[in-house]
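> What follows is a single structure, and I will ask about it in a moment.
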Amino acid sequence: MNRKIMSAFGVAAAASLALTGCGGESEPEAPEGPVTISLAGWDFASTPEFQTLADAYEEANPDVTVELKEYPAGDDYDTALTADLSAGAAPDVFIVKNLKNYVTFQEGGTLLDISDVAAELDPETGGLEPMAVDGATYAVPYRQDSWLLYYNKELFEKAGVDLPDGSWTWDDYAAAAEELTEGVDEKSVTGTYLHSWQSTVQGFALAQTEGAALDGGDFSFLAPYYERELALQDAGAQPSYATVTTNELTYQAQFGTQKAAMMPMGSWYIGTLVAEQESGAADTFEWGIAPIPQLDESTTGTENTPVTFGDPTTMGINAGIDESKVETAKDFLSFAAGPEGAAALAGIGITPALIDDTVADAIFSLEGVPQDELSRFSYTTHETLPENPVGQNTAAIQTILGEMHSAVMSESTPVDEAITEAEERVANEVG
Amino acid sequence: MTTPVVGNQRTLGFSQPEPSRPLRKPRTSLKVRNALIGWTFILPNFLGFAVLTLTPVITLFYMSLTNWNIFGTAEWVGLENFARLVGDKSFHIALGNTLYYAALHIPITIIVSLALALLLNQKLRGAAFFRTVAFFPYITSIVAVAVVWNMLFSPEFGPINQFLGMFVGGDLPGWTVSKDWAMPAVIIVGTWKDMGYYMLLFLAGLQTVPTELHEAARIDGAGAWQRFWNVTLPCLRPTMFFVTVMVTIQSLKVFDLILVMTDGGPGQATLVLSQYIYQKGFEQFQFGYASAIAVVLFLICILVTVVQFLYNKRRDA
C-alpha cells in the first residue's frame, strides 16, 4: 500500500515536472497579468529611495511587483553587483551608482540599449545628455545632486559680512571667507569649510572652465582652483587638509555645529541638515543656500544660470533580463526618471534628476528648509556638469587626480609640479 | 621502516586481512586504506584551501596572461601585462614603497617584540597584566587604530608634535600628510600593532630555553649580555625563524593599515603593491593587469621565504 502511494506520487511528480518543463519552453510571449521585476539597490534602512520608487510604481501599476534586492553600501555596491552581473545573477534593473564605471558596464555588455526610454524623457532631465555613448543610451538619470553653497546667516550677521546674493565668483567667496574668519573671531570657527574629497576642487574646475576636459591630457585648468584653496587654508580661513584628514572632521559637524560660516556641498545635505537640526545633532540656526561661486562674472547673478557639478545617479536594465519583462522594466525606468518618480523622490527630500515646480514645492515645503528666494533659485536653477564625464579612461584618470589632490592639498607638492606629474602619469599609464 | 606502523594497525584491529588471500595484496590495500584515513582527516581543511586559495591562485596565474575587465571572456595577451609592468612608474613606486615598509618594519618589529618578551619574561609583579597590555593593539580593530593614530599624528594639534615641540624647535614632521614622513608614521603604527603578537611567540620560545644553560653560563662568569647572545638567542632560533618568515610575508602584503591610515597618500607616498593591485582590479576593472602585479608580489614572497628556509637549513646542518 505504502509502495503504491509512493509510486503514485512519483508518477505525479514526474508528470508535473515534464509539464512545467514543456510549458516553460514553448511559451511564446509574456502573458498579460502580474509581472515581477527586480531592482538592485543598497542599504535600504538608510536609503529609502528605492522602496519609495517601487511603492509609487506599484501603486500606479497594480499588476507589477517591484522586488528589491539589497547590496552593500559604499564602493562595495559596485564590487558585489559586478560579481553578480558577471555570474548572470544580477537583478533585472540596477542602479549605476558611480558614473565612472558606466562605460565598463556598457562595454561589458551588461546594459540594455534603452535609447527609446531616454528619447521620451524631458530633455531638461539633469545629466541625461552625457549618458549617450556613440549615440545610444544605456542608463537614465533618476536622481541628480548638484553642488551648492550653504551659509550660516547668523555667523554672517555676527561678522558683519553681506550675505551671498548670487553674484559671487570664487574670489568673492575667498574674500568673504577671510572676512568671516576675522569678523567672527573665535578660535574654533572658520569662514568656510572645504571637505577633503578631490571633487571639492576638481569638480568645479572641470565644470566651470571653458574647454576643460578630463581626457584632454592638460590639467592646467586645475591650477587657479588649487592656488585659491591653498591660500585659504594658509590664511586660516578654512581648516587645512591636514587637519581635516588627520582629525577625521565631518562636514556635517563642521557646518551643523557652526564651526564654519560657509560650505560648498551637494544638495543631499539639505535633507541631512534639516533632519539633524530636528534631532539635535546639529545646532539650531538660520541658514540659506546660494549658487556655488563661479569662475568669472559671465555666469553669476540671478539672471544667469550658474554652472556647478554633480554626477547623476542612473538606472539601467540588465542585458540578461527575461525578454518578457523588458517592456515592464522600460516602463519602470520612464516612471522613475519622469515627473512621477521625481515627485515621489522629492517627497522624501531627495533631489531628482528632473527638477520642476512640483519638485521644488515639495522640497521647500519641508519644515526647516530655508524659504528665501535665493535658496529656491539656487536649488532649481543650475547647469550641472558631471564630475566623471562618461569615458573609457575616467576611472583610471580619477585615481591619478585623486593622488594629485592629496599631494597638493597636504602641501607636499607644489601645484604646478603636481599638475605636470599628473599629466605625465596619464600619458604614461592610461589608455 | 613502515612495517611497524602496519603491525600496530593490525594489532589494534583496524584492519583484518582476509586469511585466504596472499600476503602482498592486503598490505597494499591496507596502505591505501591508511592513506585514505589520513586524507579524510585533512580533507575538510584541504577542501577549504583548494576552493578558497588554491583555485584562485591558479586562476590568478592564468588571468595575469589575459586582458579581462570581469565581463565577458578574457582575452589572451601572453606576457603583455608583464611587459607593461616594466615601464609602469606607479608600479615601481608601489614596489619601492613596499620594500621600504618591509625593510624597516621587519627588523624593528622583531627587535621590539623580542625586547618586550625578554622584559616580560622576568618574574615581575604584574607581568601578566603588561603582557595583556602589549597584546592589546593586535586585537584592536584596525579602523579604530587608524583613526586614533591619525589624530595623534595630526601635525598642528596632535599630541605627538606637541610633545616633540617641547624639545625640538623649527619644523616638525607632517607625519601622515607629509610625503617624507607618511611612511615612517605608518611603520610606527604597524610595529606598535604587531609587536604584541610576536612578543607572545617569543615568550613561548623563551620557555623552552633550558635554565641549566643559563646557570652554567652564569657560573662561568658570563654577563647578562653574553648570556643573551650566547644562550638565549641560539636557543630561540626556531622561534626566530618562524617569526622572521611570518613578519616578512606580513610586511610584503601590508594593505589594510595603509588603506585606512593614508589611502596611499599623500600623492603616492605610501602606495604599496597590495593597494595598487586593489586599485587596478577593483577600482579600474583591469583584472588581467592587477593579476600580473599580484603574481609579482607572490613571487617576491616565495623567493624571500625560500631564501630564509635555505639559510635556516644551512645553519641547522
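The values are calculated or read from the model by the stated rules, or taken from the named source; none is laboratory data. This is a predicted model, so every value here is computed, not measured. Because the Cβ atoms are built from the backbone with ideal geometry, glycine has one as well, and the counts that use them run over all protein chains shown.
> Within region A:377-405, track down each residue that is in contact with a Lys or Arg (Cβ under 8 Å, 6 or more places away or on another chain) and more than 14 Å from chain B (Cβ to nearest Cβ).
Pass one, region A:377-405, residues in contact with a Lys or Arg (Cβ under 8 Å, 6 or more places away or on another chain): A:388, A:394-395, A:398, A:400.
Hits for region A:377-405: nothing passes.
> OK, next. Going residue by residue through region A:64-80, is there one that turns out to be within 14 Å of another protein chain (Cβ to nearest Cβ), surrounded by 14 or more Cβ atoms within 10 Å (Cβ to Cβ) and of a type in the set (A, V, I, L, M)?
Taking region A:64-80 as the starting set, the residues that turn out to be within 14 Å of another protein chain (Cβ to nearest Cβ) are A:72, A:74-80.
This time we only want the ones that are surrounded by 14 or more Cβ atoms within 10 Å (Cβ to Cβ), so: A:77-80.
From what's left, of a type in the set (A, V, I, L, M): A:80.
Checked against the condition, which is being within 14 Å of another protein chain (Cβ to nearest Cβ), surrounded by 14 or more Cβ atoms within 10 Å (Cβ to Cβ) and of a type in the set (A, V, I, L, M), region A:64-80 yields at least one hit.
> Of all residues being within 30 Å of B:Ala290 (Cβ to Cβ) and in a loop (DSSP other than H, G, I, E, B) in region B:9-68, which is modelled with the lowest pLDDT? Just the residue, please.
Across region B:9-68, the extreme among qualifying residues is B:Trp68.
> How many residues does region A:108-132 contain that are away from chain B (no Cβ under 14 Å), under 23 Å from B:Asn69 (Cβ atoms) and β-branched (Val, Ile, Thr)?
Matching residues across region A:108-132 total 1.
> Can you name the number of the only condition in (1) surrounded by fewer than 22 Cβ atoms within 10 Å (Cβ to Cβ); (2) in contact with a strand residue (DSSP E or B) (Cβ under 7 Å, 6 or more places away or on another chain) that A:Thr381 fails?
Of everything listed in (1) surrounded by fewer than 22 Cβ atoms within 10 Å (Cβ to Cβ); (2) in contact with a strand residue (DSSP E or B) (Cβ under 7 Å, 6 or more places away or on another chain), A:Thr381 misses just condition (2).
> For region A:285-297, give me each residue that is more than 11 Å from A:Thr257 (Cβ to Cβ) and assigned to a loop (DSSP other than H, G, I, E, B).
Applying the first criterion (more than 11 Å from A:Thr257 (Cβ to Cβ)) to region A:285-297 yields A:286-297.
The answer is A:Glu286, A:Pro291, A:Ile292, A:Pro293, A:Leu295, A:Asp296.
> Please enumerate the residues belonging to region B:83-111 that are of a type in the set (Gly, Ala, Ser), in contact with a helix residue (DSSP H, G or I) (Cβ under 7 Å, 6 or more places away or on another chain) and surrounded by fewer than 17 Cβ atoms within 10 Å (Cβ to Cβ). Spell out how you get there, then give the answer.
Going residue by residue through region B:83-111, those that are of a type in the set (Gly, Ala, Ser) are B:83, B:87, B:90, B:94, B:96, B:102-103.
Remaining after also requiring in contact with a helix residue (DSSP H, G or I) (Cβ under 7 Å, 6 or more places away or on another chain): B:90, B:94, B:102.
None - no residue of region B:83-111 is of a type in the set (Gly, Ala, Ser), in contact with a helix residue (DSSP H, G or I) (Cβ under 7 Å, 6 or more places away or on another chain) and surrounded by fewer than 17 Cβ atoms within 10 Å (Cβ to Cβ), so the list stays empty.
> Shifting gears a bit: Going through A:Ala223, A:Ala275, A:Ala253, A:Ala237 one at a time, which residue ends up being under 20 Å from A:Asp185 (Cα atoms) and not in a loop (DSSP other than H, G, I, E, B)?
That would be A:Ala253, the only listed residue that is under 20 Å from A:Asp185 (Cα atoms) and not in a loop (DSSP other than H, G, I, E, B).
Yes/no per residue for (1) modelled with pLDDT of 95 or more; (2) closer than 23 Å to A:Glu58 by Cβ; (3) within 17 Å of the chain's Cα centre (by Cα):
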site	(1), (2), (3)
A:Thr305	no, no, no
A:Gly320	no, no, no
A:Glu323	no, yes, no
A:Leu345	no, yes, yes
A:Ala353	no, yes, yes
A:Ala362	no, yes, no
A:Gln371	no, no, no
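> Inspect region A:198-207 for any residue being part of a loop (DSSP other than H, G, I, E, B) and exposed (fewer than 14 other Cβ atoms within 10 Å of the Cβ) and give the result as yes or no. Working first, answer last.
So in region A:198-207, the residues part of a loop (DSSP other than H, G, I, E, B) come out as A:198.
Filter once more, so that each one left must be exposed (fewer than 14 other Cβ atoms within 10 Å of the Cβ): none.
No, the conditions are met nowhere in region A:198-207.
> Same structure, new question: Quick one: in region B:119-133, which of the residues that are surrounded by fewer than 17 Cβ atoms within 10 Å (Cβ to Cβ) and of a type in the set (A, V, I, L, M) is nearest to B:Thr232 (Cα to Cα)? Steps first, answer last, please.
Quick first cut of region B:119-133, residues surrounded by fewer than 17 Cβ atoms within 10 Å (Cβ to Cβ) only: B:119, B:122-130, B:132-133.
Going one step further and asking which of them are of a type in the set (A, V, I, L, M), we end up with B:119, B:124, B:127-128, B:133.
On the way: B:Leu119: 13, B:Leu124: 19, B:Ala127: 20, B:Ala128: 21, B:Val133: 24 Å.
Among those residues, the one meeting the criterion is B:Leu119.
> Do we find a residue being under 21 Å from the mean Cα position of the chain (by Cα) and assigned to a helix (DSSP H, G or I) anywhere in region A:123-130?
Here is the first cut: in region A:123-130, the residues under 21 Å from the mean Cα position of the chain (by Cα) are A:123-130.
Now restrict to residues that are assigned to a helix (DSSP H, G or I): A:129-130.
Yes, that holds for at least one residue.
> Can you tell me which residue among B:Leu120, B:Leu116 is more than 14 Å from chain A (Cβ to nearest Cβ), within 26 Å of B:Leu252 (Cβ to Cβ) and in contact (Cβ under 8 Å) with a residue 40 or more places away in the chain? Show your work before the answer.
Details: B:Leu120 fails: within 26 Å of B:Leu252 (Cβ to Cβ).
The unique qualifying residue is B:Leu116.
> Follow-up. Quick one: A:Gln198 ticks every box in (1) away from every other protein chain (no Cβ under 14 Å); (2) closer than 30 Å to A:Thr420 by Cβ; (3) not hydroxyl-bearing (Ser, Thr, Tyr) except a single one, so which number is it?
It fails just one condition, (1).
> Check off (1) more than 14 Å from chain A (Cβ to nearest Cβ); (2) in a helix (DSSP H, G or I); (3) not polar (S, T, N, Q) for B:Val254 and give me the number that stays unchecked.
Just one mismatch for B:Val254, condition (2).
> To continue, here is another question. Name the residue that is surrounded by the fewest Cβ atoms within 10 Å (Cβ to Cβ), counting only residues in region A:398-421 that are assigned to a helix (DSSP H, G or I) and hydroxyl-bearing (Ser, Thr, Tyr). Please lay out each step first, then the result.
Taking region A:398-421 and keeping what is assigned to a helix (DSSP H, G or I), we get A:398-409, A:415-421.
Among the residues that remain, those that are also hydroxyl-bearing (Ser, Thr, Tyr) are: A:399, A:406, A:420.
On the way: A:Thr399: 22, A:Ser406: 26, A:Thr420: 14.
Result: A:Thr420.
> I'd like to check something: does region A:231-244 contain any residue that is loosely packed, with under 15 Cβ neighbours inside 10 Å and under 25 Å from the mean Cα position of the chain (by Cα)?
There is no residue in region A:231-244 that is loosely packed, with under 15 Cβ neighbours inside 10 Å and under 25 Å from the mean Cα position of the chain (by Cα).
> Assess whether A:Val408 counts as being touching a residue at least 24 places away in the same chain (Cβ under 8 Å), away from chain B (no Cβ under 12 Å) and in contact with a Phe, Trp or Tyr (Cβ under 6 Å, 6 or more places away or on another chain). Reasoning before the result, please.
On the way: touching a residue at least 24 places away in the same chain (Cβ under 8 Å): yes; away from chain B (no Cβ under 12 Å): no; in contact with a Phe, Trp or Tyr (Cβ under 6 Å, 6 or more places away or on another chain): yes.
Criteria not met by A:Val408.
> Return the only residue of B:Thr262, B:Thr244, B:Thr232 being polar (S, T, N, Q), buried (at least 18 other Cβ atoms within 10 Å of the Cβ) and in contact with a His (Cβ under 9 Å, 6 or more places away or on another chain). Explain how you work it out, then say what you get.
Numbers: B:Thr262 fails: in contact with a His (Cβ under 9 Å, 6 or more places away or on another chain); B:Thr244 fails: in contact with a His (Cβ under 9 Å, 6 or more places away or on another chain).
The conditions single out B:Thr232.
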